[in-house]
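**Student:** Before anything else, here's the structure in question.
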Amino acid sequence: MKPGPVVVSGLLSGSSGVSRAARLTVQGLRHAGYTPAEHDLAPLFATSNASAGLPVTESGGVWVIHVNAPEAAAALSRISPTVWRGRYRIGFWAYELPVIPSSWANTARFFHELWVPSRFVADALKEAGVTTPVRVMPHPVALSAPKHAQTFSDGRFTVLAMGDLNSSWTRKNLLGSIEIFKRAFPDVSSETRRLIVKVQSSSAGPHFEKMLRSAVAGRDDITFFNQRLSDAEIDMLVSRADVFLSPHRSEGFGLVLAEALLAGVPALATGWSGNVDFMGEIPELCIDYHLVSVRDAGGVYKAAHASWAEPYTADAVSKLHALEASLDLRRETAARGRAAVVAQLDSWSPQAFDRMPFGQFAAKSQA
């Protein structure tokens, strides 16, 4: 292998969390002093063309494939090995359970290095016996900080919950968000509080939408919608909340949680899995939990012998009450969370890359 161009492949044109994370990787490499060539994999996966290439003609360099193992394997199979041999290959993966599928370990052998966004994912790969070097590279969320700081639109205490149904509505636990809000604020006639539930990929869970509608029946202070939003529109939605609520069962990183903290919005979330890397020192925002066997009614996760968190509703209610009662607490916890997210940028500094194999194979002439 020799120094050469940097290519980042991913579903760059999408609106999912994986797509947003891939775009952040591009920004992170620019922050480190490189000029990566962007390669959207969506057209590749939309065709059976097996002779597709990369958007560079030079050999060598670094190829970062920011999709999970199944899609990475598909990309490797659809692009001729003559194109990607001789490049330092990095897979950027995230998974939400402490046990990864066995096929992922097999795919790892095609990479020189794996990047993951949290210690939780790194531990899952190592536990599975992956021998490819694993490096924790937190998503550089601070490089794409929300353009809108936390605002107060109409005086109502606004709680926001969000989830992509393709990522499992059971894991995201949106019904749990509704239950927490209803227990915290049982007054259905209240005009001083509201819960907004934003759903993505609603076609993936029509049964869930029926349950959601049933859960919010008779509650005019709870609304949900499923329109696709741009990154800027998501920023605006988050900035108008007083609290972002996520009683999730597991997160590989917690991208929206980090974005909320950067916007000055406290994220009240389950204190387990990937988000503890930047939330673990803020107990006021971490919902207590116990571990249970994975039972995914959405059918996305079918791992045997795997566990995830079951958050304690009573603890979430208590902490939500405390946040509602104190603007100072909301501001102070959000500020601590923001500082923790910003600190993760250290992994994307030019100095950090100089110490990595990446720096050996990425041509400095791109800087």
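Where a number appears in this text, it was derived from the coordinates with a stated rule and is not lab data. Not measured: the values here are computed from a predicted model. Heads up, the Cβs are rebuilt from the backbone with ideal geometry, glycines too, and the neighbour counts pull from every protein chain shown.
**Student:** Compute the signed sum of charges (Lys and Arg +1, Asp and Glu -1) over the other residues within less than 12 Å, Cβ to Cβ, of Ala217.
**Tutor:** +3
**Student:** Read phi for every residue in the stretch 132-142 and hand back ³J(HN,Hα) as whole Hz from Karplus 6.51 cos²θ - 1.76 cosθ + 1.60, θ = phi - 60°, with x for Gly and Pro.
**Tutor:** Going residue by residue, I get 4, x, 10, 10, 7, 10, x, 3, x, 4, 5 Hz, with x marking Gly and Pro.
**Student:** Provide the percentage of antiparallel DSSP beta bridges, counting only those with both residues in the stretch 157-343; round to the nearest 5.
**Tutor:** 20
**Student:** Label the stretch 157-343 by shape, choosing from rounded, prolate and oblate, from the square roots a ≥ b ≥ c of the eigenvalues of the Cα gyration tensor; if a/c is under 1.5 it is rounded, and otherwise prolate applies when a/b is larger than b/c, oblate when it is not.
**Tutor:** Here the stretch 157-343 falls in the rounded category.
**Student:** The stretch 269-359: which chymotrypsin sites (Phe, Trp or Tyr not before Pro) are DSSP loop and have at most 10 other beta-carbon atoms within 10 angstrom?
**Tutor:** Details: sites: Trp272, Phe278, Tyr289, Tyr301, Trp308, Tyr312, Trp348, Phe353, Phe358; in loops: Trp272, Tyr301, Tyr312.
Passing sites in the stretch 269-359 do not exist.
**Student:** Trypsin sites (Lys or Arg not before Pro), restricted to the stretch 189-281: which are DSSP loop and have at most 15 other Cβ atoms within 10 Å?
**Tutor:** When the trypsin sites (Lys or Arg not before Pro) of the stretch 189-281 are filtered for loop state and at most 15 Cβ neighbours within 10 Å, Arg228 remain.
**Student:** Separate question: With point charges of +1 on the Cβ of Lys and Arg and -1 on the Cβ of Asp and Glu, referenced to the Cα centre of the chain, which listed residue (Ser19, Ala322, Met236) lies farthest in the positive direction of the dipole?
**Tutor:** Ser19
**Student:** Give me, ordered by chain and number, the residues 5 or more places off Ala37 or on other chains with an amide H under 5 Å from its own placed amide H.
**Tutor:** Here Val6, Val7, Val8 satisfy the definition.
**Student:** Continuing with the same structure: Once you sort the root eigenvalues of the Cα gyration tensor of the stretch 209-311 as a ≥ b ≥ c, which label holds: rounded (a/c under 1.5), prolate (a/b larger than b/c) or oblate (the other case)? Show your work: numbers first, answer last.
**Tutor:** On the way: a/c = 1.69, a/b = 1.13, b/c = 1.50.
Oblate.
**Student:** Could you pull out every residue, at least 5 positions away or on a different chain, whose amide H is within less than 5 Å of the one on Ile287? Hs are placed 1.01 Å off N in the peptide plane, and Pro or chain starts have none.
**Tutor:** Ala269, Thr270, Gly271
**Student:** For Val243, what charge total do you get from the other residues with a beta carbon under 9 Å from its beta carbon, if Lys and Arg give +1 and Asp and Glu give -1?
**Tutor:** -1
**Student:** Another question, if that's okay. Which angle from 0 to 90°, rounded to the nearest 10, does the C-alpha axis of helix 17-31 make with the longest principal axis of the chain?
**Tutor:** Between helix and principal axis, roughly 60 degrees.
**Student:** While we're here: Could you give the size of the charge dipole of the chain about its Cα centre, using +1 on the Cβ of each K and R and -1 on the Cβ of each D and E, expressed in debye and rounded to the nearest 20? List each step's numbers first, then the result.
**Tutor:** Working: 36 positive and 34 negative charges, 172 e Å.
Its charge dipole is roughly 820 debye.
**Student:** When only DSSP loop residues count, what GluC sites (Glu not before Pro) in the stretch 273-362 have their Cβ near at most 13 other Cβ atoms within 10 Å?
**Tutor:** The qualifying sites are Glu281.
**Student:** Working from the pairwise distances between different alpha carbons, so that the mean of 1/r is found and then inverted, what is the chain's Kirkwood radius in Å?
**Tutor:** Computed over Cα pairs of the chain, the Kirkwood hydrodynamic radius comes out at 21.3 Å.
**Student:** Sequence-distant or interchain residues sharing an amide H contact under 5 Å with Arg193, placed H: which?
**Tutor:** Here the answer is Phe157, since their amide H atoms fall under 5 Å of that of Arg193.
**Student:** Grab the other residues whose beta carbon is less than 10 angstrom from that of Gln227, score K and R as +1, D and E as -1, and report the net.
**Tutor:** +1
**Student:** Which of Pro350, Pro247, Pro311 moves most in a GNM of the chain, Cα contacts under 10 Å?
**Tutor:** Of the options given, Pro350 has the highest mean-square fluctuation.
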